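Scroll down for the structure; my scribbles are underneath it.
Coordinate-derived values only; no laboratory data. Quick caveat, the model's predicted, so the values are computed rather than measured. Don't worry about glycine lacking a Cβ; one is built from the backbone with ideal geometry, like all the others, and counts go over all protein chains shown.
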Amino acid sequence: MRVYISADMEGITGVTSWDETVCGKDGYEEAREQMNREVAAACRGALWAGADEVVVKDGHETALNLKPDQLPRGTRLIRGWGAAPCEMMLGIDRGPFDCAFFIGYHAEAGSAASPLSHTTEYGILQASRLNGKPMGELDLNVLAASLCKVPPALVTGDQGICRKAEEAYPGVRTVAVKEGIGGATFNLHPEEACELIERAAREAVEAGSFRCPEIPERFKMELTFKSHEKARNAALFPGARRTGDCVVEYETDKAEDLLLAYHFMV
Ligand SMILES: [Zn+2]
């Protein structure tokens, strides 16, 4: 049994402002410590339940946030960026993996569910939709995992992303460690968040009934950029179409092409 973990920071308990998510800025070290603790809790749960190896991808900002010595033995940490589509899932194709966890995840660009809602690059996208529904990092990353036949088993983060995960991926376990209200967050105690994550990780691996969501036959992605210059640039990607000053659409029937298009357009 091998488990893959993709880790982010905006959906970690307590983290509320952009400064806290940026290395060198106020509050970053505290946010980083809690990210470490929540990821370590997920690793412990998986290992306790019988996973032989847990591969963790640090998926936030510099991708150098997690400290290897704070993760349990039996984990392998992927640091830095690999210059590939779906970077937060780098290494997912080096399976086989039995399931994937998404720790510290957050609501997508344009969502009111978190003061830190965004899709991949902060400050670039106003909104992102796929086949008519809001599209965030979880959607893209679950798609990338599904292409490698790795089903989602656990999602932790803000309440918005957890609700979405439960709707989109029946059977997936979730732990909402915080709720966003306007610019504020209502947070679980750091230790309680870790306890819940460890238990959910253990239960997810013990249950073992993972299922990949069906991959759609056709994709229509609509990206609304914050700046018209960025939209103009994105529309240069082969097959992309500018449908408004700040809006670009892209259609394909291949998931790989969609991930590649997103990678270059954003
Ligand atoms: Zn992030």
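Results, tabulated for the structure shown:
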quantity	calculated
Relative contact order [Cα under 8 Å, 6+ residues apart], the chain, whole percent	21
Between helix 28-48 and the chain: long-axis angle, C-alpha atoms, 0 to 90°, nearest 10	60
24 Å Cα-Cα threshold exceeded, pairs from Lys57/Lys149; Lys25/Lys67; Lys178/Lys226; Lys67/Lys164; Lys149/Lys254	Lys178/Lys226; Lys67/Lys164
Antiparallel content of DSSP bridges confined to the chain, in %, to 5	45
Burial order of peptide ranges 155-166, 228-239 (average beta-carbon count within 10 Å, highest first)	155-166, 228-239
Label-point separation, Arg218 to Ala168 (7 Å along Cα→Cβ), nm	2.1
Helical mean residue ellipticity (222 nm; -39500 (n - 2.57) per DSSP H run of 4+; nearest 500) of the chain	-9500 deg cm²/dmol
Spatial separation of Cα centroids for the stretch 17-31 and the stretch 205-231, in angstrom	28
Extension gain, Glu29 back to Ala207 (0.36 nm per residue minus Cα-Cα distance, nm)	60.6 nm
Nitroxide proxy distance, nm - points 7 Å out along Cα→Cβ at Trp18 and Ser227	1.2
Chain lengthening between Glu195 and Asp253 when straightened (0.36 nm per residue, less Cα-Cα)	16.7 nm
Cα long-axis angle, helix 190-207 against the chain (0 to 90 degrees, to the nearest 10)	90
Cα centroid separation - the stretch 115-189 against the stretch 74-114, whole Å	12
Helix 137-147 vs. the chain, principal-axis angle (Cα, 0 to 90°, nearest 10)	80
